[in-house]
Each structure stands twice: as structure tokens, then as C-alpha cells.
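Data block below; observations after.
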Amino acid sequence: LVETLSSPGALTVFAPTDEAFAAVEGLDAIIKDTDALKTLLLNHVVDGNVLSTNLSNGLSVEALGGESLNVKISEDGSIMINNAKVVIADIEASNGVIHVIDAVLSFEADNTIVDIAKANGSFTTLLEAAEAAGLVETLSSPGALTVFAPTDEAFAAVEGLDAIIKDTDALKTLLLNHVVDGNVLSTNLSNGLSVE
């Protein structure tokens with residue numbers, strides 16, 4: 001890839017620090033698998049000269065490795081690319097720009113709502129309820145959904161939860177009232193907004 005990154009033409013590189021690479025589990029195995037390594041590295045490169053001033057909150061761009069890089073800009077102006085924070089922006093080179101990031105990028109687009117809830121560990125009751133209500137397939141299916149997901153502690157505070165879980169129709173209605181069609185990010189929410 002050195003030739004690719006040195007060639008004329010504009011490229012933007014989101015470059016993890018040495019500390020970021022050191023934090024990657026199984027890095028030695030990834031480095032030995034040259035195809036996986038090449039894909040991982042290309043997923044940190046975007047075609048074109050993208051300065052921080054060209055980034056906007058909610059922007060999604062495709063990396064040369066095929067994954068999506070999703071931009072989040074907080075109110076204090078800090079920039080996140082997927083799971084990584086831009087720590088130094090706009091290092092200009094003769095053939096593009098480098099943004100230093102504090103983590104190797106991860107790509108979780110293939111994980112469904114159910115996968116993420118299972119991995120989190122705080123939604124056991126929600127997952128059990130979804131299974132009892134026959135909603136696991138709905139929450140795992142392709143298409144955009146937004147779930148306002150009560151934690152296990154939130155469910156524990158519900159009086160009569162056992163009775164609700166036994167009444168699958170009532171349970172299904174309760175759970176579906178926590179789901180909105182479409183991808184609703186916190187940045188899409190506003191005071192007084194009402195969604196069905």
C-alpha cells in the first residue's frame with residue numbers, strides 16, 4: 001500500500017496512532033493475513049482531499065476498502081469517525097490529507113439491533129421479552145429501525161412484569177411502542193418532537 005499512499009492524486013487517510021494499533025486484539029494475526037490487513041488499512045482511506053471543514057455531522061463516506069465511515073461532530077466541535085476520535089486534523093500532504101485518530105476503526109454495520117443488545121449485556125430482559133413476543137426476527141431483519149431500549153434495571157422496576165410477559169399480545173404491544181421505523185439518531189431529536 002505504500003505505493004498507493006505515495007501516488008499522485010488526492011487521498012484522505014484516517015491514521016490510527018501507534019497506541020491505537022497496540023490496543024487491537026489479535027493484531028499479529030491480522031498483520032500476517034495480508035488480504036485482511038490490506039482491507040483494514042484501505043478502510044481508513046477515502047478517495048479525494050477531505051479536510052475537517054468538509055466534514056458534517058451525519059455524513060457517511062465510503063472508504064476504499066468498501067466500509068462506511070460515519071461522521072459525528074459534537075457540540076464542542078470534536079469529530080468522531082465511527083468509533084475513533086480525530087485527535088489531529090488536516091495534516092496536508094502533497095497528495096492529500098491525514099487526520100490522526102485515537103483508535104483503529106471498527107465497522108459494525110453487519111450487527112443487528114439484537115446482536116448489539118446481546119453484546120452489551122444490559123438488555124437480557126428486553127431480549128427475553130422480544131423472544132417471548134416473537135419480535136427477535138423483526139429486530140434482526142434488514143431495514144432501519146430505532147429502538148428505545150430499556151435496561152434490565154428499567155424492566156426490574158416495572159410492577160407486574162411477570163404478568164405482562166405471560167400476556168404475549170400485551171407484551172408485543174409494549175415492546176413495539178419502544179420501536180420507531182427508520183434510523184433516528186440523537187442528533188435528529190428535538191425538544192417537543194413527537195414520533196409514532
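The values are calculated or read from the model by the stated rules, or taken from the named source; none is laboratory data. Keep in mind that this is a model prediction, so the values were computed, not measured. Here Cβ is always computed from backbone atoms with ideal geometry, including for glycine, and neighbour counts include all displayed protein chains. Remember, those area values only see protein heavy atoms, side chains included, never the ligands or the DNA or RNA. Shrake-Rupley method; radii C 1.70, N 1.55, O 1.52, S 1.80 Å.
If you go through region 164-188 and keep only what is touching a residue at least 40 places away in the same chain (Cβ under 8 Å), assigned to a helix (DSSP H, G or I) and over 16 Å from Leu139 (Cβ atoms), you end up with just Thr187.
Just to be sure, is Val24 within 19 Å of the chain's Cα centre (by Cα), in contact (Cβ under 8 Å) with a residue 12 or more places away in the chain and outside any loop (DSSP other than H, G, I, E, B)? No: the conditions fail for Val24. The number of residues in region 153-163 that are surrounded by 10 or more Cβ atoms within 10 Å (Cβ to Cβ), at pLDDT 90 or above and in a helix (DSSP H, G or I) comes to 4.
Screening region 34-131 for strands (runs of 3 or more DSSP E) wholly inside it with 3 or more residues that are not charged (D, E, K, R) returns the ranges 68-73, 79-81, 84-93, 96-101. Assess whether Val104 counts as being of a type in the set (A, V, I, L, M), in contact with a His (Cβ under 9 Å, 6 or more places away or on another chain) and open to solvent by less than 60 Å² (accessible area, probe 1.4 Å). So Val104 fits the description; yes. Inside region 132-146, residues that are in a loop (DSSP other than H, G, I, E, B) and either surrounded by 13 or more Cβ atoms within 10 Å (Cβ to Cβ) or not polar (S, T, N, Q) (or both) make up a count of 6.
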